[in-house]
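Peer 1: Attaching a single structure in structure tokens format; questions to follow.
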Amino acid sequence: MRTAYRVETVRAAEAALMARLPEGALMQRAAAGLAAACCSLLGKGRVYGARVVLLVGSGDNGGDALYAGARLARRGAGVTAVLLGDRAHEGGLAALRAAGGRVEADDPFEPLATADLVLDGITGIGGQGGLRPAAVPVARAARGSDAVVVAVDLPSGVDADTGEVPGEVLPADVTVTFGTYKPALLVDPARSYAGALRLVDIGLGDELPGVADLEALQHQDVARLLPVPGAESDKYRRGVLGVVAGSARYPGAAVLAVEGALRGGAGAVRYVGPAADAVIARHPETLVHPGPPDRAGRVQAWVVGPGLGDEPGVAEVLASDVPALVDADGLRGLDPERVRARSAPTLLTPHAGEAAALLGVSREEVEAGRLAAVRELAVRFGATVLLKGSTTLVCGAGGGAVRVNPTGTGWLATAGSGDVLSGLAGSLLAAGLRPSDAASCAAYLHGLAARRVSEGRGPVTAGEVAGALGGAWRDVTAGL
């Protein structure tokens, strides 16, 4: 599992570790890992004679860049430092000069024009408000060059804790981060500026708390959470999911939600709504009922909302005593007090527009501050929230680490894919998974399925994503 910690936590862990190490040892560890990463990016035998430019700010990551530059200079690289702060790390400057590197005092653009690699050490994890105006033209020149841009710890100009991008940023091809991931490296919009991520172990592990601020599940984490039927299992023990979805205008939403549920391992699916004929035609194993939901039969969880339009059902589902997933049309005008008063857990799955309506803000505000939005929704509704989008986030009703989904593709932005996700997550709820686990595993499998069908061919349909869920499930559990 990948974990990320806020700046305050990272600094406390660094301080505790530095208290036990010789002075400067932690920075040397970071610089050694940074230099090694740069060597691998330049390629075997290409460090000698390579032209490296260091963009150096006033903070400690400017020192990391200088010490890494000194290591590269000792291996024969031509290293030039461009100082962009009101001061620079004295020890790092001395090390660079002693190794044969130089400081550009006149024209910062001249070395960038021929650079093979640029180290971005302008602002560190404490940087706020985007790049300062004086650094903007230099950053633009670096990005416009043919050089590989390597960010030191995180790209300059992003907010480390929130992933927000309040101003100009220097996008990186690779970000080399130290000790642990920072939230900005996992959450959009900042994530899109970070490029490929490389984590350098500097010994922080024992100093970091057990509960991270963010976490991203990997294959083995998901595999451990997915339900596995035993010899004694029957369709009811595996979980019966009720689906209240679809309308005369959107019958396909019901079909896709039911398919997502069936592909997600539900022992049985009870469908309630006006699209029964379309559902049965595609999935004859579905149990259908005209409604209302509370008369459809026993279920272990409900999904309500996909393609529902103005059809009834939301109130009855919220009045039930089993877990409920509310999506799409079910989210319109949703009353926080009604959700908070439920005796069973609730999972909300809005996209940014729906989240904005629930919070009473603009969609742009949600997109710019996804972490803040998902946390606020979870608190306001007392529910687990899966916020869909370029970075899908899951925040539990009780707080704790926000989960970031690492799978997916832009091709998932297609009609009906959210309906499949709702059915899949609902089936995992019915199987007994906690809402945060059901949401996280569903998002992971959903994204993985989309990758499987989009690789090498581009656009996909929601039905194809649903059809690939079985293969994604097998990929995840193959190592068990």
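The values are calculated or read from the model by the stated rules, or taken from the named source; none is laboratory data. Quick caveat, the model's predicted, so the values are computed rather than measured. FYI the Cβ positions are ideal-geometry reconstructions off the backbone, even for glycines, and counts take in every protein chain you see. Surface accessibility is based on the protein's heavy atoms, side chains included, excluding ligands, DNA and RNA. Shrake-Rupley method; radii C 1.70, N 1.55, O 1.52, S 1.80 Å.
Peer 1: Any residue at all in segment 250-266 that's open to solvent by less than 20 Å² (accessible area, probe 1.4 Å), of a type in the set (D, E, K, R) and assigned to a helix (DSSP H, G or I)? Steps first, answer last, please.
Peer 2: To start, the set of residues in segment 250-266 that are open to solvent by less than 20 Å² (accessible area, probe 1.4 Å) comprises 253-255, 257-261, 264, 266.
Imposing the further condition that a residue be of a type in the set (D, E, K, R) reduces the set to 259.
When the remaining residues are screened for being assigned to a helix (DSSP H, G or I), the result is 259.
Yes, because at least one residue in segment 250-266 is open to solvent by less than 20 Å² (accessible area, probe 1.4 Å), of a type in the set (D, E, K, R) and assigned to a helix (DSSP H, G or I).
Peer 1: Being closer than 24 Å to Ala301 by Cβ and either without any contact (Cβ under 8 Å) to a residue 24 or more places away in the chain or open to solvent by 30 Å² or more (accessible area, probe 1.4 Å) (or both): is that true of Ala401 here? Reasoning before the result, please.
Peer 2: Working: closer than 24 Å to Ala301 by Cβ: yes; either without any contact (Cβ under 8 Å) to a residue 24 or more places away in the chain or open to solvent by 30 Å² or more (accessible area, probe 1.4 Å) (or both): no.
No: the conditions fail for Ala401.
Peer 1: So which of Asp60, Asp64 is among the charged types (D, E, K, R) and open to solvent by less than 30 Å² (accessible area, probe 1.4 Å)?
Peer 2: On the way: Asp60 fails: open to solvent by less than 30 Å² (accessible area, probe 1.4 Å).
Checking each option against the conditions leaves just Asp64.
Peer 1: Moving on. Take the residues in segment 81-109 that are open to solvent by 60 Å² or more (accessible area, probe 1.4 Å) and touching a strand residue (DSSP E or B) at 6+ places or on another chain (Cβ under 7 Å); name whichever of them is nearest to Thr162 (Cα to Cα).
Peer 2: Only one residue tops the list, namely Leu83.
Peer 1: Under 8 Å by Cβ, and 6 or more places apart or on different chains, what pairs join a residue from segment 119-132 that is more than 24 Å from Leu96 (Cα to Cα) with one that is surrounded by fewer than 22 Cβ atoms within 10 Å (Cβ to Cβ) and of a type in the set (Asp, Glu)?
Peer 2: From residues that are more than 24 Å from Leu96 (Cα to Cα), the pairs are Gly130/Glu168; Leu131/Glu168.
Peer 1: Checking Ala223 against (1) under 28 Å from the mean Cα position of the chain (by Cα); (2) outside any helix (DSSP H, G or I); (3) touching a residue at least 40 places away in the same chain (Cβ under 8 Å), which test does it fail?
Peer 2: Of (1) under 28 Å from the mean Cα position of the chain (by Cα); (2) outside any helix (DSSP H, G or I); (3) touching a residue at least 40 places away in the same chain (Cβ under 8 Å), only one is false for Ala223: (2).
Peer 1: If you check Val272, Val279, which single one turns out to be among the β-branched types (Val, Ile, Thr) and over 18 Å from Gly418 (Cα atoms)?
Peer 2: Values: Val279 fails: over 18 Å from Gly418 (Cα atoms).
None of the other options fit; the residue is Val272.
Peer 1: I'd like to know if segment 233-246 contains one or more residues that are outside any loop (DSSP other than H, G, I, E, B) and surrounded by fewer than 18 Cβ atoms within 10 Å (Cβ to Cβ).
Peer 2: The first filter runs over segment 233-246 and keeps only residues outside any loop (DSSP other than H, G, I, E, B), leaving 240-244.
Those still in the list that are surrounded by fewer than 18 Cβ atoms within 10 Å (Cβ to Cβ) too: none.
Looking through segment 233-246, none of the residues is outside any loop (DSSP other than H, G, I, E, B) and surrounded by fewer than 18 Cβ atoms within 10 Å (Cβ to Cβ).
Peer 1: Kindly evaluate Gly463 against the criterion of being small (Gly, Ala, Ser), closer than 18 Å to Met1 by Cβ and either outside any helix (DSSP H, G or I) or open to solvent by 10 Å² or more (accessible area, probe 1.4 Å) (or both).
Peer 2: Numbers: small (Gly, Ala, Ser): yes; closer than 18 Å to Met1 by Cβ: no; either outside any helix (DSSP H, G or I) or open to solvent by 10 Å² or more (accessible area, probe 1.4 Å) (or both): yes.
For Gly463, the condition - small (Gly, Ala, Ser), closer than 18 Å to Met1 by Cβ and either outside any helix (DSSP H, G or I) or open to solvent by 10 Å² or more (accessible area, probe 1.4 Å) (or both) - is not met.
Each row is one residue, and each column tells you yes or no for (1) of a type outside the set (D, E, K, R); (2) closer than 21 Å to Tyr193 by Cβ.
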residue	(1), (2)
Leu83	yes, no
Glu104	no, no
Ile125	yes, yes
Asp146	no, yes
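Peer 1: Search segment 352-371 for residues that are touching a residue at least 40 places away in the same chain (Cβ under 8 Å) and pair each with any residue that is assigned to a helix (DSSP H, G or I) when their beta-carbon atoms are under 8 Å apart and the residues are at least 6 apart or on different chains.
Peer 2: So the pair list comes out as Glu367/Ala352; Arg370/Ala352; Leu371/Pro183.
Peer 1: Go through segment 187-220 and give me each residue that's open to solvent by less than 10 Å² (accessible area, probe 1.4 Å), within 26 Å of Ala68 (Cβ to Cβ) and under 19 Å from the mean Cα position of the chain (by Cα).
Peer 2: Result: Ala190, Ala194.
Peer 1: I would also like to ask the following. Quick check on my filter: what residues within segment 138-172 are of a type in the set (Asp, Glu), under 23 Å from Ala368 (Cα atoms), free of Cβ contacts under 8 Å to residues at least 40 places away in the same chain and open to solvent by 40 Å² or more (accessible area, probe 1.4 Å)?
Peer 2: Step one: list which residues in segment 138-172 are of a type in the set (Asp, Glu), which gives 146, 153, 159, 161, 164, 168.
Adding the requirement that they be under 23 Å from Ala368 (Cα atoms) leaves 153, 159, 161, 164, 168.
Imposing the further condition that a residue be free of Cβ contacts under 8 Å to residues at least 40 places away in the same chain reduces the set to 159, 168.
Passing the criteria: only Glu168.
Peer 1: Kindly evaluate Arg452 against the criterion of being in contact with a Pro (Cβ under 6 Å, 6 or more places away or on another chain) and part of a helix (DSSP H, G or I).
Peer 2: Working: in contact with a Pro (Cβ under 6 Å, 6 or more places away or on another chain): no; part of a helix (DSSP H, G or I): yes.
No, not satisfied.
Peer 1: Restricting attention to segment 66-86, which residues are out of contact with any helix residue (DSSP H, G or I) (no Cβ under 9 Å at 6 or more places or on another chain) and within 26 Å of Arg132 (Cα to Cα)?
Peer 2: Asp86
Peer 1: Next question, about the same structure. Under the condition of being assigned to a helix (DSSP H, G or I) and free of Cβ contacts under 8 Å to residues at least 60 places away in the same chain, which residue from segment 468-480 is surrounded by the most Cβ atoms within 10 Å (Cβ to Cβ)?
Peer 2: Ala472
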